[in-house]
1. Could you tell me which numbered condition Lys155 fails, if it satisfies all but one of (1) in contact with a strand residue (DSSP E or B) (Cβ under 9 Å, 6 or more places away or on another chain); (2) closer than 30 Å to Arg304 by Cβ; (3) of a type in the set (D, E, K, R)?
2. Here are some conditions: (1) closer than 21 Å to Pro144 by Cβ; (2) touching a residue at least 24 places away in the same chain (Cβ under 8 Å). Ala206 meets all but one. Which one does it not meet?
3. Quick check on the stretch 108-154: of everything there that is surrounded by 12 or more Cβ atoms within 10 Å (Cβ to Cβ) and of a type in the set (D, E, K, R), which residue is farthest from the chain's Cα centre (by Cα)?
4. For the stretch 102-141, name all the residues that are of a type outside the set (A, V, I, L, M, F, W, C) and not in a strand (DSSP E or B).
5. Look through the stretch 300-319, keep the residues that are over 30 Å from Ser288 (Cβ atoms) and out of contact with any Lys or Arg (no Cβ under 6 Å at 6 or more places or on another chain), and return whichever of them is surrounded by the fewest Cβ atoms within 10 Å (Cβ to Cβ).
6. Can you tell which of Val170, Val202, Val220, Val279 is outside any helix (DSSP H, G or I), of a type in the set (Val, Ile, Thr) and under 30 Å from Ile308 (Cβ atoms)?
7. Pairs needed: first member in the stretch 263-284, under 22 Å from Tyr159 (Cβ atoms); second member anywhere, among the β-branched types (Val, Ile, Thr); C-beta distance under 7 Å; at least 6 residues apart or different chains.
8. Run Ile286 past the list (1) more than 17 Å from Ser233 (Cα to Cα); (2) surrounded by 13 or more Cβ atoms within 10 Å (Cβ to Cβ) and report the number of the one that doesn't hold.
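The values are calculated or read from the model by the stated rules, or taken from the named source; none is laboratory data. The structure displayed is predicted, hence computed values, not measured ones. When we count neighbours, we look across all protein chains shown, and the Cβ atoms used for this are built from the backbone with ideal geometry, even at glycine.
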Amino acid sequence: MSQNGNSWFEISKRDRRKIGLFMLCLLVAVAFWVVSSFANRYSFTVKTELILTNIPADKTLNVKNVEVITMDVEGTGWQLLFSKIDIFKSPLKLDMAQIKGDNVQLMEHVDLLNHQLPEGLKIVGISPASINIDFSSRIVKKVPLEIFADITFKKQYFYASDLILDPDSVTISGPIDEVSKIKFISTPKITLHNLSDSISTVINLAPKGTQNVNITPTAVGLKIPVEKFTEGSIDIPLTLINNQERFDVNLLPGKIKVKYLCPVSKYPLIDRDMFYAQVDLFQWKIQSKSRLDVKLLRSPDFIRVIKIEPQWVDFLVSK
């Protein structure tokens, strides 16, 4: 009985060959059907970007020059398949030099767009159907650059001189109502910490909050001179002003001590004549002050004054 049961499930080599041949034919038939189906033409919908190019030099767009459009495209099933992959990764372009009027009916220019599609694809519908073009006069203006930076230094290091932008101004162009509001262009934020060496770099500039304003140049050079500093001090005599009555005024003390940081390379250049400090007798004659404030009015531009001692002085007046 068990032998009869086992023989029921046994398949001869001849039968297995027939089954294999049947499966092969089935696969060929399915493959042929798929190929035939994909060769048929279909309509499908895709989204892509439309870029408006060749804007007249003396005009500017008050709308974005990039529009997102939805197209009904006719093509084969294979093109439908590949359209989901990469056919429409590149945007389409519409040459404004060939456009007349402020209202662009996109289907009137469908031939220009079809030439940019892979062979065999055809646009049969576009949404939105039209684009309103709003031109205005373009003006050109030169504005300064301002550095937006967060810079710190290692101990005893600092700027050897002012930061240098090359160029230090840019030319902007665009609609009158937008360009007239721009007083300067700020650089992107520059963050540098613990500097001990000079830096030279290039900064890419971005439009200030609008796509309608162009900036020239789009990149500028930045130099950050960095040098090691040393601390120094010097005694400076005080000059008394507004003593028209020629009172005999005795300043106590008659000089001040200025403490400063100076680049090591320029330390030998420091000289007392580079400094000027004064006190004003008007503070006593008009304001009745018993002490006179010290004002340091001149010092070398390459130093950093960190302390003045004293900041006010006593005095004796003999009439």
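1. Among (1) in contact with a strand residue (DSSP E or B) (Cβ under 9 Å, 6 or more places away or on another chain); (2) closer than 30 Å to Arg304 by Cβ; (3) of a type in the set (D, E, K, R), the lone unmet condition for Lys155 is (1).
2. Among (1) closer than 21 Å to Pro144 by Cβ; (2) touching a residue at least 24 places away in the same chain (Cβ under 8 Å), the lone unmet condition for Ala206 is (2).
3. Ranking the qualifying residues of the stretch 108-154, first place goes to Lys122.
4. Within the stretch 102-141, Asp102, Glu108, His109, Asp111, Asn114, His115, Gln116, Pro118, Glu119, Gly120, Pro128, Asp134 qualify.
5. Filtering the stretch 300-319 for residues that are over 30 Å from Ser288 (Cβ atoms) and out of contact with any Lys or Arg (no Cβ under 6 Å at 6 or more places or on another chain), the one surrounded by the fewest Cβ atoms within 10 Å (Cβ to Cβ) comes out as Asp301.
6. None of the others qualify; the one that does is Val279.
7. Val264/Thr230; Tyr267/Thr230; Ile270/Ile234; Phe275/Ile234; Phe275/Ile236; Phe275/Val258
8. Result: Ile286 fails condition (2) only.
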